[in-house]
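Asker: Let me give you the structure first, and then I'll get to my questions.
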Amino acid sequence: MTRRGRDADCPDQGRGSVGTVLKLISRLPLPVLYMLAWLVYALSYHVFRFRKRLTCSNLRDAFPQMGQREVRVIAKRCYRQFADVLVETVKSMTIQESEIRRRVRIANPEVLEGLRGAVAGQAVLFLAAHQCNWEWLLLASRLVCPFPVDAVYKPARNPMIDRLLVERRARFGGSLIPVDRFIAEVMRRHDGPRGLALVADQTPRVEEDKYWTRFMGLDTAFYVGPQKIAAMKKAPVYFVAMRRLQRGYYEVSFERLAVPPYSMEDHDVVEVYVRAVERQVRAAPHDWLWMYKKWKYRKPLYA
């Protein structure tokens, strides 16, 4: 039998070996992992220049008043912070609950305490952005929320990577629901109050419904899913903001954005969410994911 044939017959062997290596790496202390992060930053920014042109272009479009030097400074910080997030994400595979609680501080826990009276079937919609470390944000939120938190996610094309993502993100309770089944699953569940978590600042696909608005001074498309879910579940909506205090330490705050009733035809929920994301990005632009293709197509004339 050829090597290719043996590999095809044992797909789980490769998945297991990669997962084992990542778990071993995750057991390294964070100071050691941050040394690896510097290497990731140097390779991605200076050597391979991964999406560097796109990142700088996005920054120039969003901050036209900035000079080239300021743009480069923010771009470098963005890549350094992203490298930190990568190693912190690997650390998530084995990080202890006590360490997450120590490193991610909740600024206003009384907001969540006020949700303890939610009744069976009640949903609470939590919206976040790709700001700081959204992976630790999910883990920390599940530890302090008085009921389970289900999160929407886009399955990875590689089954091995997808399985690792699901295992890591579901460590402290709740479940992950693929984006294409999220609304159906949300409407089916009536087993008790639940939190529904979405990181909704990505760009919709061309064929998907979109809401166009001004974001960072530019015409920008956003998902309409948050509006639909909030309206169908009659759910109060909270923005979950994250702020970097220092390397490896964050502060999370909860801000109520909207309460029912809503209309399926309006976009008020999405609009207040966009404004909250913009405030957060302008306050700390280096902590947002500028290497995304957020403005990859233009607004249609009659959108």
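Asker: Just one of (1) acidic (Asp, Glu); (2) out of contact with any Leu (no Cβ under 9 Å at 6 or more places or on another chain); (3) under 26 Å from Thr55 (Cβ atoms) trips up Glu251, so point out which.
Answerer: (2)
Asker: Here is a further query. Test of understanding: among Tyr238, Tyr250, which residue is of a type in the set (Ser, Thr, Tyr), within 20 Å of Tyr79 (Cβ to Cβ) and at pLDDT 95 or above?
Answerer: Exactly one of Tyr238, Tyr250 is of a type in the set (Ser, Thr, Tyr), within 20 Å of Tyr79 (Cβ to Cβ) and at pLDDT 95 or above, namely Tyr250.
Asker: Of (1) under 14 Å from the mean Cα position of the chain (by Cα); (2) of a type in the set (D, E, K, R); (3) part of a loop (DSSP other than H, G, I, E, B), Asp150 satisfies all except one. Which?
Answerer: Going through the list (1) under 14 Å from the mean Cα position of the chain (by Cα); (2) of a type in the set (D, E, K, R); (3) part of a loop (DSSP other than H, G, I, E, B), Asp150 breaks only (3).
Asker: Moving on to the next point. On the basis of being surrounded by 15 or more Cβ atoms within 10 Å (Cβ to Cβ) and free of Cβ contacts under 8 Å to residues at least 12 places away in the same chain, does Ala170 make the cut?
Answerer: Against the criterion (surrounded by 15 or more Cβ atoms within 10 Å (Cβ to Cβ) and free of Cβ contacts under 8 Å to residues at least 12 places away in the same chain), Ala170 qualifies.
Asker: For region 219-232, does any single residue satisfy the condition of being part of a helix (DSSP H, G or I), among the polar types (S, T, N, Q) and under 30 Å from Glu113 (Cβ atoms)?
Answerer: Within region 219-232, one or more residues are part of a helix (DSSP H, G or I), among the polar types (S, T, N, Q) and under 30 Å from Glu113 (Cβ atoms).
Asker: Is one or more of the residues making up region 170-178 of a type outside the set (A, V, I, L, M, F, W, C), at pLDDT 85 or above and closer than 23 Å to Lys294 by Cα?
Answerer: The answer is yes; a qualifying residue exists.
Asker: Another one. Does any residue of region 246-262 turn out to be closer than 30 Å to Val32 by Cα, in a loop (DSSP other than H, G, I, E, B) and more than 16 Å from the chain's Cα centre (by Cα)?
Answerer: Yes, region 246-262 has at least one match.
The values are calculated or read from the model by the stated rules, or taken from the named source; none is laboratory data. Since the model is a prediction, treat every value here as computed from it, not as a measurement. Ideal geometry is used to build each Cβ from the backbone, glycine not excepted, and the neighbour counts take in all protein chains shown.
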